[in-house]
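What follows draws every value from the coordinates through simple rules; no lab data is involved. Everything numeric in this text was worked out from a predicted model, so none of it was measured. With ideal geometry, Cβ positions are generated from the backbone for all residues, glycine too; neighbour counts draw on all protein chains shown.
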Amino acid sequence: MTWSVGAGLEGRGVILTGATGGIGAAVARGFAAAGARVMAVDLDQARVDDLVGTLEGSGHVAVVADLRDLGSHDALVEQALRELGEVYVLANLAAVLRRRGSLDEVTEDDWDFQHDINVKSAFFLSRAAGNAMIAAGKGGRIILFSSQGWWTGGFGGSVAYASSKGGVTTLCRGLARTFGPHQITVNCVSPGQVNTPMLMTGLAPEVYETMKKQTPLGYVAEPEELAGPVVFLASDHAKYITGATLNVSGGFLMY
Ligand SMILES: NC(=O)c1ccc[n+]([C@@H]2O[C@H](COP(=O)([O-])OP(=O)(O)OC[C@H]3O[C@@H](n4cnc5c(N)ncnc54)[C@H](O)[C@@H]3O)[C@@H](O)[C@H]2O)c1
C-alpha cells in the first residue's frame, strides 16, 4: 500500500449519491482530492453539473436519478462501468427527513417516502453495485449513511426517519456478511449534527442547542468533517473494517 490519505483510491471509480447535498458535495471534493473519479448522482441536473465542474482532477460524471425508481439502479451502475470504467466504491448519502410535531401527524406517505429513499433504495442500489463489484473480482467498498437517530430514536419529530436509519445500520451489517467473501467492505457513517439544510429543516432551536450542549466537542460539524471518514472507509487503510458503524458525532454519542 502506498501511504497517502486516499490510499488505493487513485483513479478508482466512485458512485456518490446525494452528491449535491451538504455532506455529499464535501464528500465529492474529498474523493476527487484523493484522486478518484466521481459519478455524482442527485435530483437536479444544474446542481450536479455545477458540482462536477468544480471538482479537482478529471473523469468525473454528473448524473440525474431519482433513486426511488429502483429501475434506475442497474442503469446507474452500467453508466458508471461505461464512463468510469468500474464501480469500486458506492457511497450512498441520498436521504430525506420529514419532521412532524407529533406521532399523530406522521402520514403513511411520510413513512413510505423516508423509508423508500433512506433504506429501500439503499438496499437495491447496494445490491446492484455489489453485484458489479463481484463480477469485476477486485473487491470494493460500500459506504452507507446512518444517523445518531439509529441509536437514540431521533429528536425533533424524526421518529420515522430514525427508524429508516436503524434499518440502514442493520442493512450495513447484513451486506457486510454477504459481500465479505468477495473482499467488498460495507460500512456505515453515523453523523450527529451537521451544518446542512437537512439538519435545520423544521428543527426547533432549543433541540439544536440542547444537542450542541450535549456534544463534548461543543459545536455542530461542518460537512467537510464527514468527508474524511468516508474517504478513510473507502481507502486501503480501512480494508479490514467491515460491518462497522462509524460514529462521527463529536462525542454526542459514545460507542
Ligand atoms: N445533516 C445532518 O445533521 C445529518 C445527521 C445525521 C445523518 N445525516 C445523513 O447524512 C446524509 C447526507 O445528509 P445532508 O445533511 O447532506 O442532507 P441534504 O438534504 O443536504 O442532502 C441529501 C441529498 O439527497 C438527495 N436526494 C434526496 N432524495 C433523493 C432521491 N430520491 N434520489 C436521489 N437523490 C435524492 C437530495 O437532493 C440531497 O441533495 C443523509 O443520509 C442524512 O440522512 C445528516
Taking all pairs of different Cα atoms in the range 1-49, averaging 1/r and flipping that mean, what Kirkwood radius in angstroms comes out? 11.1
If r is the Cβ-Cβ distance from Tyr208 to Leu43 and R0 is 30 Å, what FRET efficiency results, to the nearest 0.05? 0.70
Give the distance, in whole Å, between the Cα centre of the range 63-110 and the Cα centre of the range 128-185. 13
Counting other C-beta atoms within 10 Å, which of Lys138, Lys120 has the fewest, and how do the rest follow? Lys138, Lys120
So what's the net charge close to Arg29: Lys and Arg +1, Asp and Glu -1, counting the other residues with Cβ under 11 Å from its Cβ? -2
Burial-style ranking of 220-230, 91-101, average other-beta-carbon count within 10 Å with highest first, yields 91-101, 220-230
Two pseudo-spin positions, 7 Å from Cα along C-beta at Val5 and at Glu224, lie apart in nanometres by 0.9
Highest-first arrangement of 12-19, 124-131, where packing means the average Cβ count within 10 Å: 12-19, 124-131
With a bin width of 5 angstrom, please list the P(r) values of the range 149-239 as percents of all Cα-Cα pairs, from the 0 bin to the one holding the largest distance. 3, 12, 17, 21, 19, 13, 8, 4, 1, 0
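What is the packing order of peptides 196-206, 29-39, taking the mean over residues of other C-beta atoms within 10 Å and listing the highest first?
Working: 196-206: 13.6, 29-39: 23.8.
Ranking, from highest mean packing down: 29-39, 196-206.
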What list do you get for Leu90, Leu103, Leu70, Leu9 if you sort them by fewest beta carbons within 10 Å? Leu103, Leu70, Leu9, Leu90
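Just the projected area, averaged over all directions, of the convex hull on the alpha carbon atoms of the chain: how many nm²? All intermediate terms of the calculation are to be shown ahead of the outcome.
On the way: hull surface 51.4 nm².
The number I arrive at for the chain is 12.8 nm².
Provide the net charge surrounding Gly6, with neighbours chosen by a C-beta distance below 11 Å and charges set as Lys +1, Arg +1, Asp -1, Glu -1.
Numbers: positive: Arg12; negative: Glu10, Asp236.
So the surrounding residues net to -1.
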For Tyr219, Tyr208, Tyr255, order by how many other beta-carbon atoms lie within 10 Å, fewest first: Tyr255, Tyr219, Tyr208
